[in-house]
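Laboratory data are not the source of any read-out in this text; all were calculated from the coordinates shown. In this text the structure is predicted, and so the values were computed from the model without any measurement. Here Cβ is always computed from backbone atoms with ideal geometry, including for glycine, and neighbour counts include all displayed protein chains.
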There are 2 protein chains.
Amino acid sequence: MKCKNLTFENVNITGGFWKQKQDMNRNTTVWNVYNRFKETGRFDAVKLEWKEGDPCKPHIFWDSDIAKWMESVAYLTQKQREPELEKIVDEIVDNIEKAQDEDGYYNCYYSLFTDKKRFSNRNNHELYCAGHLLEAAIAYEKATGKSKFLELMKKFIAHIKKVFMEEGSADFVTPGHEEIELALIKLYDYTGDKQYLDLAMFFLDQRGACEEPNTLAEKFGVKYLQSHQPVRAQYEAAGHAVRAVYLYSAMADAAARTEDTELKNACEKLYENIVTKKMYITGGIGSTRIGEAFEEDYRLPNETAYTETCAAIGLTYFCHRMSQLDPSSARYANIIERVLYNGFLSGISLDGKAFFYENPLEIDLYERKMTADFEVEKRQPITQRVEIFNCSCCPPNVNRYLASLGNFLYRYDEKTVYVEQYMESDADLEGTRLSQKTNYPFDGKITLSVSGVKRQIALRLPSWCKNYALKKNGKSIDTSPENGYLIVATENGDILELELEMRPRRIRSNPHIRANRGMVALSYGPMIMCMEGVDNGGSLAGVSLLPHGEITLALDQTLGLLTLSCPALRQEAQELYSDEADVKAPPFTAKFIPYHAFANRGESNMKVWAPQSSNK
Amino acid sequence: MKCKNLTFENVNITGGFWKQKQDMNRNTTVWNVYNRFKETGRFDAVKLEWKEGDPCKPHIFWDSDIAKWMESVAYLTQKQREPELEKIVDEIVDNIEKAQDEDGYYNCYYSLFTDKKRFSNRNNHELYCAGHLLEAAIAYEKATGKSKFLELMKKFIAHIKKVFMEEGSADFVTPGHEEIELALIKLYDYTGDKQYLDLAMFFLDQRGACEEPNTLAEKFGVKYLQSHQPVRAQYEAAGHAVRAVYLYSAMADAAARTEDTELKNACEKLYENIVTKKMYITGGIGSTRIGEAFEEDYRLPNETAYTETCAAIGLTYFCHRMSQLDPSSARYANIIERVLYNGFLSGISLDGKAFFYENPLEIDLYERKMTADFEVEKRQPITQRVEIFNCSCCPPNVNRYLASLGNFLYRYDEKTVYVEQYMESDADLEGTRLSQKTNYPFDGKITLSVSGVKRQIALRLPSWCKNYALKKNGKSIDTSPENGYLIVATENGDILELELEMRPRRIRSNPHIRANRGMVALSYGPMIMCMEGVDNGGSLAGVSLLPHGEITLALDQTLGLLTLSCPALRQEAQELYSDEADVKAPPFTAKFIPYHAFANRGESNMKVWAPQSSNK
């Protein structure tokens, strides 16, 4: 038995930090996204009734927006049926059925604007939308047993296969925005029908290996959509970050199913390049808004960080799949944790209603106020979350992600259960039942009750954790981590107690990252912290941290989150240049909140990285 | 008698740091610029013999290049005749005479390309070239007594006056690139003929006060050429930095001659805005290459700093004129000193042969190597000086500037002589003769011998100097500075000895300057220092300074310049993000050289600002 990820169907998150997020998603967020999508005509578009002059002109990627939302409903339904939501999905499916062409083609935009030629513009998201619809359809059949949606999509996929693989009659060969590849492998996994894997492999194999038009090449270059090289020769993450990690996810999926070592090697190189050179401390990726893309190694500016919420999600998809290729290592789960508590979670407001598409690591309101007369537009990310965007891919992605979060908790094979993430939960791993009790990330105590089939338990020792204590049935166990796991033999009835020491930490980045030179970030457990002006007297411009000051922990009752206090100085604004001896920098206590909770109390300055000299 | 600046004709720089630069200019630099200009056809262009297909197509601003070079020859000649150079100038003047139109118009570009309509494109530098030619012609008549050049230019000015003031027949009202205004006031001063002041005032009064075409407005906005408001309402420095400070210089000149308080008020506001919000620590101005322009307050990035050499020169022109409007204050001379030893002098190589047009405050070779696939062009300044540019305004500007450097040393009225700059020199100020002996800036000792007419001496106490000792005829004098000057009554035969304490200083910038947060710069006397990779192990990425380390002084024999050594740490490149406790940062001694001497030993990393925590 190959090591596999336990899917969310077999895990229930039962309490604590993430249960609250999941409840919020079910009760608030899914409905809020629904209402905003409805108001903007995204659901009605499927009816193909829109006429020139009507408001809310349908857009090429609207099908993907509603697909991700439908997928969310499926995941929620899997755990607990939601008749009202299910009814909405059923209606949408009926509309899709009516809108679908006889030959199987479906895309609300092209079906409406029939003067536009199907599959003529590589960047027009038809295959991307098909992929999301397919993912939704699979999830919906699994959750409800209703097969209509998936049948429609299978018909569409058959059409795609014919056009692309058999006839080669489209104006391009591979999708502009990757997504369908990983969806096809899901369909292969679900049906066992190898033709779907073959189609996925066709798109992977042809990418960068054949000549095809790229309408965006002039603007961004072919790296933008990962078509600069055959995928097996791609070792450096490049281009549009969401497209990239969706592609890399499919590559990892394919490598796991085909034993394709070249593909596996490329995946490993790409992973390594991202996490050692192109990732923010928050786990965010894709640093520039220009092309929504990866930049060069170590180029990670803070205030203009693009770091799309969907890219953070996509990185965890890639990591999740990589752990199947390299089952013994905890490194992928460490990155997933970094993203979960930081760069993903910053994408949604604490009340669950509003979203960031971009997740900057700094907000400098003074800088923003300046209108750059002669400068090329220096657009910076928005400072407050909003309920919907014109390009609103992130909100329903957050919906489906939170609803299926259980996917990230466990991996297992016959011998071992890998505990990847710490969340209060019950799980069934083909006979081994695990019950986690924990207040994580508020503290580092985890109690794991094991029952059923005997397996050894591999508890991830987070990469940030230096000290820990492990007990089995109340007795201390002296064990050293192997590849990032503390491995303990267990049998039915055993109780493991793990205590991970959480303490405030000061982090430095590799000096190649220009933006962070001379600076530190604070963290606590898995959470990267930030300062906001609202807690720290408005401007953060003159703030520096004292290298030897003791950092203290507190609970902010309003936010319901842990905070840190660090002794700091605030340099006052004086002359343009002053002798250091004349500079006034009175001490104060800087308050840090978890990065993911920034921008929940109005517009404010914010920074993750603050100047601090070496404490040596 | 109003306080006036002593002109260079009455000062001889006799030894020391600047005498070496002046000798270099006379023996090497002027000839080197001549040869490069000759090779590129700039002198031959005046013959109007260029034909389509020939190399070296004449450019709209070539007349200004050769004009500034001729002006340099005039200034050199004023001190010591240079028959070979004079012969060259005489030939150019003869060619100009032949090329000049009957109506007085002269511009080698328009005279050659007769299909182009004269005075039809506001940005085509015809009036700018006329201004530089006029400055050269005045200087040449003063230096040689030869009047032909100035007669030709007076004829041209008469034509300009007719076209612009009388007929209004040009397609625009005021020059796109300011320069002629200050040249006309020079002509007014030289001839006493008020019509030239009137024409200058016409161009000043009309600027921003009338509708006129601006071909660059679409790209840069009308601020680019200071046409966004009437000049008396302009309080914030804006647009192309050289154009701006040439305009402000003319405004200050005009205000001094007309008692125009509104104009004076605007000049004071503009000056204040530049030096308190828009100036690099080197005295460089104009931070962005886009429009070669001032950016918003406090936006002063280091590695992309544009800070054109001509803009640095122009800032001192403005300051020099401001001191006439506000004679009691040393502030203008302090800024001139900052520019002289840093942002101006960096414009020329130590061997006098090559130039920087842009003077960045940081070079990061690693960052430069990266090709920005998806990023808009992030062009950075060149890292090595070159002998000529396509747009080669700076080299001859350096020529004329060094040759006339004596202009900045003294101001005087009936009662007081203001010693503005410290350079070994002899001067005659209408009867008061001063002889300065000093090794400045290598140390802070200045000996001043006074003879002739009795005046009190006001010695500038540089703004960077905290401690000083002053003696008259060997006896200590206890005096406090007034408006930045130490004022001593003197009579014939008195000897003043001033000792300014020079010590290494750590400078912090106003925290509004993003780029310098958490950083310090080192300085010594008037010199801002920098680190170069060549002295500091290559990469400067991980370098931070220790806040309490003692900084020591040394002489670099190769450079012939003072250097500083400061205890520092070098953070090693490790993981992307590491616990500070795990970061390796071994100590080393960082060597700093004067900023103006950077890039004289091959391509190297460089930085002025380095991370350092507060030393409190």
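A few comments on the model shown:
- A simple spin-label model places the labels of B:K117 and B:A581 7.7 nm from each other, with each point 7 Å out along Cα-to-Cβ.
- A straight Cα-to-Cα reach below 19 Å connects B:K51 with the lysines B:K38, B:K98, B:K116, B:K117, residues fewer than 8 places away in its own chain not being considered.
- Rounded Å value of the spacing that divides the Cα centres of segment A:433-500 and segment B:382-423: 74 Å
- With 0.36 nm allotted per residue and the present C-alpha distance subtracted, the B:E499-B:K162 stretch has 115.7 nm of extension available.
- Label-to-label distance, nm, for residues given as A:I487 and A:D193 (7 Å Cα→Cβ offset): 4.1 nm
- The modelled label-to-label distance between B:K142 and B:D556, using points 7 Å beyond Cα along the C-beta direction, is 3.6 nm.
- Peptide ranges B:397-410, A:407-420 listed from the most packed, as the mean C-beta count within 10 angstrom indicates: B:397-410, A:407-420
- Taking other C-beta atoms within 10 angstrom as a stand-in for reagent exposure, B:E86, A:E575, A:E337 fall in the order A:E575, B:E86, A:E337, fewest first.
- Rounded to the nearest whole Hz, the Karplus-based 3J(HN,Hα) values (6.51 cos²θ - 1.76 cosθ + 1.60, θ = phi - 60°) of segment B:106-119 follow the sequence 9, 6, 4, 5, 6, 6, 7, 9, 6, 6, 7, 7, 4, 6, with x at glycine and proline.
- You can think of it this way: the chain between B:D101 and B:S539 has 151.9 nm of extra reach, that is 0.36 nm per residue less the Cα-Cα gap.
- Normalised by residue number, the volume inside the convex hull of the Cα atoms of segment B:41-216 is 112 Å³ per residue.
- Residues with amide H under 5 Å from that of A:K584, placed H, sequence gap 5 or more: A:E572
- Ranking of A:K79, A:K57 by neighbouring Cβ atoms within 10 Å, starting from the fewest: A:K57, A:K79.
- For segment A:373-501, the convex hull drawn through the C-alpha positions has a volume of 182 cubic angstrom per residue.
- The 3J(HN,Hα) values that the Karplus relation (6.51, -1.76, 1.60; θ = phi - 60°) gives for segment A:445-457 are, in residue order, 8, 10, 10, 10, 9, 10, 8, x, 4, 6, 9, 6, 10 Hz. Gly and Pro appear as x.
- The protein assembly as shown - share of DSSP beta bridges that are antiparallel (%, nearest 5): 95 percent
- Qualifying lysines (Cα of each under 26 Å from Cα of A:K584; at least 8 residues distant if same chain): A:K369, A:K607, A:K616, B:K277, B:K278, B:K466, B:K607, B:K616
- Three-way shape label, chain A, alpha-carbon gyration tensor, a/c 1.5: oblate
- Nearest beta-carbon to the A/B symmetry axis - residue in chain A, distance in Å: A:S613, 1
- Over chain A, Cα pairs under 8 Å with separation of 6+ residues give a relative contact order of 13 percent.
- Point-charge dipole on Cβ atoms (K/R +1, D/E -1) for segment A:504-611, about Cα centre, debye to 20: 460 debye
- Zone of A:S329's modelled label, taken as backbone nitrogen in segment B:573-595 under 17 Å from a point 7 Å along Cα→Cβ: B:575-577
- In chain A, taking the dipole from charged Cβ atoms about the Cα centre, the farthest positive-side position among A:I313, A:P526, A:Y235 is held by A:P526.
- Between the alpha-carbon centres of segment A:41-80 and segment A:541-616 there is a gap of 44 Å.
- Among B:S544, B:S539, sorting on how many other beta-carbon atoms sit within 10 Å of each Cβ, with the fewest leading, yields B:S539, B:S544.
- Here the Karplus relation 6.51 cos²θ - 1.76 cosθ + 1.60, evaluated at θ = phi - 60°, turns the backbone of segment A:58-75 into coupling constants of x, 10, 4, 10, 5, 4, 6, 4, 6, 4, 5, 5, 5, 4, 4, 4, 4, 5 Hz, with x for every Gly and Pro.
- If you take the Cα centroid of segment B:219-296 and the Cα centroid of segment B:168-203, the two points sit 18 Å apart.
- Within the straight-line cut-off of under 20 Å between alpha carbons, the lysines reachable from A:K142 are A:K4, A:K68, A:K79, A:K87, A:K154, A:K155, A:K186, A:K194, sequence neighbours fewer than 8 places apart in one chain being disregarded.
- Point-charge dipole on Cβ atoms (K/R +1, D/E -1) for the protein assembly as shown, about Cα centre, debye to 20: 2480 debye
- Within-10-Å neighbourhood charge of B:Q234 [Cβ basis; K, R +1; D, E -1]: +3
- Computed [θ] at 222 nm, deg cm²/dmol, chain B (DSSP H ≥ 4; -39,500 (n - 2.57); rounded to nearest 500): -10000 deg cm²/dmol
- Neighbourhood net charge (11 Å Cβ-Cβ; Lys/Arg +1, Asp/Glu -1) for B:A469: -2
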